[in-house]
Amino acid sequence: MIVLGLDPGLGTTGWGVIRAEGNRLSHIANGRLKTDTAAPLARRLAHLDTMLAALLADHGPQAAAVEEVFVNTNPQSTLKLAHARGIVLLGVARVGIDPGEYAARLVKKAVVGTGGAEKAQVHAMVARLLPGVTIAGADAADALAVAICHAHHLASARRQVG
């Protein structure tokens, strides 16, 4: 199964695509979708939507997961993140996928073993779980971690049903 993980952000949305075969995970691709910080909000959101649609068409995932919004101390930043997250959820739903949604603490716990892990620990564990991967930055590492978390949850759900 091909799983897409997304770490939404208005400036940069990280993405990671993995293949999950039972408990085996392998890296397919990862990267960042960037918007022009000088452009108006609506144009940035439209551009994010266009880039995401192309990403979905290129990789054809069967499953997807998105990191949940965390509340910043700056309400404006939280709102911008929420706008980007809405575009990401819409884009995934548009291709018929009901995305998994995970809090950052749950993603960290699934990948590192503790919900309080630092970004560097997440990056290191993603690199260990996907040998040979070249990660395109912190946003892409977080997105790959979201994909790994979702793959683990899907595998657990299949074991409980089967």
Inset, instruction - Answer with yes or no whether Ala63 is at pLDDT 95 or above and under 26 Å from Lys109 (Cβ atoms). - result: yes
Legend entry - Among the residues listed as Ala141, Ala117, Ala110, the single one being surrounded by 13 or more Cβ atoms within 10 Å (Cβ to Cβ), farther than 24 Å from Gly11 by Cβ, small (Gly, Ala, Ser) and out of contact with any strand residue (DSSP E or B) (no Cβ under 6 Å at 6 or more places or on another chain): Ala110
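Okay, residues lined up against (1) modelled with pLDDT of 95 or more; (2) exposed (fewer than 12 other Cβ atoms within 10 Å of the Cβ); (3) out of contact with any Phe, Trp or Tyr (no Cβ under 6 Å at 6 or more places or on another chain):
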{"site": "Ile18", "(1), (2), (3)": "yes, no, yes"}
{"site": "Thr35", "(1), (2), (3)": "yes, no, yes"}
{"site": "Ala38", "(1), (2), (3)": "yes, yes, yes"}
{"site": "Asn74", "(1), (2), (3)": "no, yes, yes"}
{"site": "Leu81", "(1), (2), (3)": "no, no, yes"}
{"site": "Gly86", "(1), (2), (3)": "yes, no, yes"}
{"site": "Val92", "(1), (2), (3)": "yes, no, yes"}
Inset, instruction - Assess whether Ala110 counts as being of a type outside the set (Phe, Trp, Tyr), in contact with a helix residue (DSSP H, G or I) (Cβ under 7 Å, 6 or more places away or on another chain), at pLDDT below 95 and not in a loop (DSSP other than H, G, I, E, B). - result: yes
Legend entry - Index of the failed condition, Val122 passing every other in (1) farther than 22 Å from Ala20 by Cα; (2) surrounded by 16 or more Cβ atoms within 10 Å (Cβ to Cβ); (3) not hydroxyl-bearing (Ser, Thr, Tyr): (1)
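The values are calculated or read from the model by the stated rules, or taken from the named source; none is laboratory data. Just so it is clear, the model here is predicted, and its values are computed rather than measured. In this analysis, Cβ positions are derived from the backbone assuming ideal geometry, glycine residues included, and neighbour counts consider all displayed protein chains.
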